[in-house]
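Only the coordinates and a few stated rules stand behind these numbers; no lab work does. Treat the numbers as computed from the prediction; the structure is a model and nothing was measured. As a convention, Cβ positions derive from the backbone with ideal geometry for all residues, glycine included, and neighbour counts pool all protein chains shown.
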Amino acid sequence: MSEIALNDLNMLPESKKKNEDATNGNLKPQTGNIDENLEESRIKSSSPVVENPINVNGAANSVPEVGNSEVEYIESENLKDVEDLELSLKTLLAGLDSKDWVLVCESLNNVRRVSIFHKEVMLDILGNLITLIVKSLKNPRSAVCKTAIMTSSDIFKAYGDNIIDSLDPMLVQLLLKSSQDKRFVCEAAERTLISMTTWISPVTLLPKLQPYLKNRNPRIRAKAAMCFSRSVPRLGIEGIKEFGIDKLIEIAVSQLSDQLPESREAARALLLELQTMYEKSYLLSANVVSDDPEGTSWENFCHSKLSPLSAQAVLRVTNIVREGLVLGS
């Protein structure tokens, strides 16, 4: 409808206006929709083209995010050093706490650069940095969230056990992000969890993971179980003895009947790893001397250390896998 026609319509008496609307099949003029359409067209025409829409759709937003092409997801090995270290350090915290999401992403990437090239200079502000990184992990805008996830991975690699006291809020967010349906965020979070289990020692990490093995959310339980299963072998034989092999077996057994197959598969992998460790350390070690090799077998160990039901569950898993290996050889 042209502007002149709209003006003429507005000047009509109320009764004639209703008749005019009825004739056009409308109950009232759609000037609001016209304004909204014009504004939408203006935004689209002034916004940069999004080349990869998969990387920018926010789960919490019903409206597609505009302008996310301004953010580039740079892999760690492709990051270059900051141009001005002193300036970057002065502006990091303020940039991470900004309401400008593009500036937040730039600041997150600067955190990554400094952690790779100058990690010592951020040790004093590491706690504050992690608090703001967690804030970005919670951000409903996918570009901010994914950049924060990538930042977390570089933080794990750079600082390892130095962040253990600040790990809890970061860990819960990464478990949540790795459990969601948005694939590109989920995959980035899963890679970061692998980085966590690689660079943080299992002695400090396993106690942090244990509470999440009983979380009410089955997806979080599954992701935590996978992290737990990956971390245990890094304890080594002596570390497993110190932690308690029977305790680790019980933890694995509790996951065998879990709702999700990821949890069950992680439990089976952990039990097989524990069986191998046991046989290396207790059965084959030169320090173990026994007139009765059968007395130190995996089966007897399980029966002696576990409840009858737990021992039966463990042996069912490990025997089936072993029988499958024999048949396949």
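Structure notes:
- Shape analysis of the stretch 71-200 based on the Cα gyration tensor places the equivalent ellipsoid semi-axes at 20, 17, 14 Å, largest first.
- Dipole-positive endmost among Leu87, Ser179, Ile125 within the stretch 71-200 (Cβ charges, Cα centre): Ser179
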